[in-house]
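The values are calculated or read from the model by the stated rules, or taken from the named source; none is laboratory data. Small disclaimer: the values here were computed from a predicted structure and weren't measured. Cβ placement follows ideal geometry from the backbone for every residue including glycine, while neighbour counts extend to all protein chains displayed. Accessible surface areas use protein heavy atoms only, side chains included; no ligands, DNA or RNA. Shrake-Rupley method; radii C 1.70, N 1.55, O 1.52, S 1.80 Å.
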Amino acid sequence: MSGPLSGIRIVEFAGIGPGPFCGMMLADHGAEVIRIDRATGSRGGSTPLSTKDVLARGRKSIAINLKSAEGVALARKLCASADGIIEGFRPGVMERLGLGPEELLKDNPKLIYGRMTGWGQTGPYAQAAGHDINYIALAGALAHFGRKGEKPTPPINMVGDFGGGGMMLAFGMTSALLNVARGGEGQVIDCAMTDGTAALMGMVTGMKNMGAWSEEQGSNLLDTAAHFYDTYETADGKYISIGSLEPQFYAELRRLAGLEQDADFDAQHDRSKWPELKAKLEALFKTKTRAEWNAVMEHTDVCYAPVLTISEAAEHPHNVARETFVEIAGDMQPAPAPRYSGTKTGVPSPAPLPGDDSDAILKSLGMNDTDAAALREAGTIA
């Protein structure tokens, strides 16, 4: 895979969610990402995985039995050849396997050891189980997702797992790799989804500190209180989005929606009128289908877009023109992002099945076919 991280080798210990997302980001941008899958001595005992798994694309896979001393030794050898590793186990698991930072940094002092957890490596919650919904709750984000008078609504797992977790770890890995390239030493990255989510809330926290954000859910400019920043149902049961924040965009909304003569809309920021004006817009937008509103408002300065499903987004002319989605092994997937003018990224390869690349990876470590056969016979690799 081409890209700005070409020449970087990352070892990823197989996991779910944010760890694989980090691996996908690094692979999408050119890094060679080798995933260590679980093995119990045979291909049939490997971790099941679908080649349609977007988060697992662009990888190479070797299936290693980490319950054996030989398997741990092989994993250490592979990590010694790498620039960085990614692991997403609970604190202490890698140490018990003999693959903790102390061992691996001794083997490879320049190694970047990326650790992905929900709560972090330390703190009262560190050893507790959890998921995205819990991490964003504790970080102070979930309380602010939802409409007034309704319970908080999880934004699927965009914020904790992928924004505050996987994306933050990918940023940390590339930052630490850049430090090594400038002469620094290897180090451990403690990436906690709670920390990352709190960082993502930086703008809102700043607005609260300045008195511009209420902690009451659904009562602010950007959290569905304002009539000019919300989604609306159309006549065909579909939805559109309006984000006419600035005065000139609000004026364009009024013009195209036929509301220029309605004096009720004159005071855009009169919060006492927001519920009434929202009700008017709800009734108005239900008078046309989504396609009809597209014809009126797309490509204007209303700050407008139709609310699309995954399948619809892949077919929208704007996304088609930019090749925002690419076909991989017969399936549409999001293309690597962002884009570069020079070190351009290519189309990722589909996700490998566990152990697909074991022989090639062993050869990169200086092992031959006889060595591979012996490791398989011993149940060290699948």
Potential lengthening between D264 and T205 on full extension [0.36 nm per residue; Cα-Cα distance subtracted]
18.0 nm
Dipole magnitude of the chain about its Cα centre, charges +1 at Lys/Arg Cβ and -1 at Asp/Glu Cβ only, in debye to the nearest 20?
660 debye
Going Cα to Cα from K110, which lysines come in below 16 Å? Please leave out same-chain ones fewer than 8 positions away.
K77
Using a Gaussian network model of the chain with C-alpha springs under 10 Å, which one of G30, G120, G237 is most mobile by mean-square fluctuation?
G237
Residue order for H144, H318 - accessible surface, 1.4 angstrom probe, largest first
H318, H144
The farthest towards the positive end of the charge dipole of the chain, of the residues S244, A14, T174, given +1 on Cβ of Lys and Arg and -1 on Cβ of Asp and Glu, is A14
Cβ-defined net charge surrounding F13, 10 Å radius [Lys, Arg +1; Asp, Glu -1]
-1
Work out Dmax and Rg for the chain from the C-alpha atoms and quote the Rg first, both in angstrom.
24.9, 83
Of K151/K286; K148/K288; K106/K363; K60/K106; K238/K286, which ones are farther than 20 Å apart at the Cα?
K151/K286; K148/K288; K106/K363; K60/K106
Percent antiparallel among DSSP beta bridges with both residues in the chain, to the nearest 5?
35 percent
Rounded to the nearest 500, what is the chain's calculated 222 nm mean residue ellipticity when only DSSP H runs of at least 4 contribute -39500 (n - 2.57) each, over all residues?
-9500 deg cm²/dmol
Nearest 0.05, what FRET efficiency do K110 and A235 give at R0 = 41 Å with Cβ-Cβ as r?
0.10
Of R76, R182, R255, which has the most accessible area and how do the rest follow, probe 1.4 Å?
R182, R255, R76
